[in-house]
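Report on the structure given below.
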Amino acid sequence: FNDFFKLKSKPINFKLFKSKNKDIKILSKFLRKNFILIFYPTSDVDMKFEIFKRRFGVIKKKNFVLIKRIFNDILKEIKQRNLNDFKIVLLNKKSLNWPENKNIIDLRNFEKYGLNFAEMLGLLNNTCNWTFGSEGTLQYYLLLTSNLKHVVVIDNSHWKNKNAYGSAIPQFYDGSGIKYKNMPKDFVPVSRKQVLEKIFDDYKKYINEKKN
């Protein structure tokens, strides 16, 4: 269809226009001063929002475990290297029971800052660096952003019908340098090590640019 009509899939340059809201200004300034990884996998083992079979979202438990291991690897790297300007933003309201420390920012209730959903996307697109999470509505929108890089985990394990390309990934997504299993139908990172390398390589670039 796209080839026949010569259509191309392109990301959207979401923007947050100047706001008079003091809280938004402070938040925006803080995000810009740090390297930001947005973290949003569904994790609801106590079933506050989800039913039992979706307590790890719409991915297999083994792939949720992979996400958790990578997340812990990132936290360990931050702690060992004492990276005070590397922050992780928790974004998904269904992303529960993660550790809290000085490197983790809770934006799961971003509305408290006076932001609506579109403004939140604009703010993050303008100030953050990477996203990391599993399939869900929030991921669909984050993947449309033009300035962010993404690590995604999608295995289509909960859907009876799949299309040829995969149910949740826009065609312009280039993988952000991450190798995936069975892509483009599924997107599960091949290597934990590679995910860390790609993210921390960008952190190194961020630090070098900051110095200059």
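Some notes on this structure:
- Complete set of residues in segment 172-186 that are surrounded by fewer than 16 Cβ atoms within 10 Å (Cβ to Cβ), assigned to a loop (DSSP other than H, G, I, E, B) and modelled with pLDDT of 85 or more: Phe172, Asp174, Lys179
- For segment 63-75, the set of residues classified as within 16 Å of Phe35 (Cα to Cα) and over 14 Å from the mean Cα position of the chain (by Cα) consists of Leu75 only.
- Asn116 being under 23 Å from Ile178 (Cα atoms) and open to solvent by 50 Å² or more (accessible area, probe 1.4 Å): no
- Taking the numbered list (1) on the phi < 0 side of the Ramachandran plot; (2) of a type outside the set (A, V, I, L, M, F, W, C); (3) assigned to a loop (DSSP other than H, G, I, E, B); (4) open to solvent by 50 Å² or more (accessible area, probe 1.4 Å) in turn, Arg108 passes all entries but (4).
- Flag for Ile169 being of a type in the set (Val, Ile, Thr), in a loop (DSSP other than H, G, I, E, B) and within 24 Å of Lys62 (Cα to Cα): yes
- For beta carbons closer than 6 Å, sequence separation of 6+ or different chains, a first residue in segment 100-116 that is in contact (Cβ under 8 Å) with a residue 12 or more places away in the chain and a second that is assigned to a loop (DSSP other than H, G, I, E, B), the qualifying pairs are Leu107/Leu91; Arg108/Lys93; Gly114/Asn21.
- Hits in segment 1-27 - residues which are farther than 28 Å from Leu115 by Cα and either open to solvent by 80 Å² or more (accessible area, probe 1.4 Å) or part of a loop (DSSP other than H, G, I, E, B) (or both): Phe1, Asp3, Phe4, Phe5, Lys6, Leu7, Lys8
- Residues of segment 39-62 that turn out to be surrounded by fewer than 16 Cβ atoms within 10 Å (Cβ to Cβ), β-branched (Val, Ile, Thr) and more than 22 Å from Asn109 (Cβ to Cβ), as a count: 1
- Top-ranked residue of segment 1-40 - restricted to ones that are among the aromatic types (Phe, Trp, Tyr) and within 28 Å of Ile199 (Cβ to Cβ), ranked as farthest from the chain's Cα centre (by Cα): Phe30
This table checks each residue for (1) open to solvent by less than 20 Å² (accessible area, probe 1.4 Å); (2) in contact with a strand residue (DSSP E or B) (Cβ under 6 Å, 6 or more places away or on another chain); (3) assigned to a strand (DSSP E or B).
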site	(1), (2), (3)
Lys29	no, no, no
Leu37	yes, yes, yes
Lys68	no, no, no
Ile74	yes, no, no
Gln80	no, no, no
Asn92	no, no, no
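The values are calculated or read from the model by the stated rules, or taken from the named source; none is laboratory data. This structure is a prediction, so every number in the text was calculated from the model and none was measured. Every residue, glycine among them, receives a Cβ derived from its backbone with ideal geometry; neighbour counts consider all protein chains shown. When the accessible area is computed, the model is the full protein with side chains, heavy atoms only, and any ligands, DNA or RNA have been set aside. Shrake-Rupley method; radii C 1.70, N 1.55, O 1.52, S 1.80 Å.
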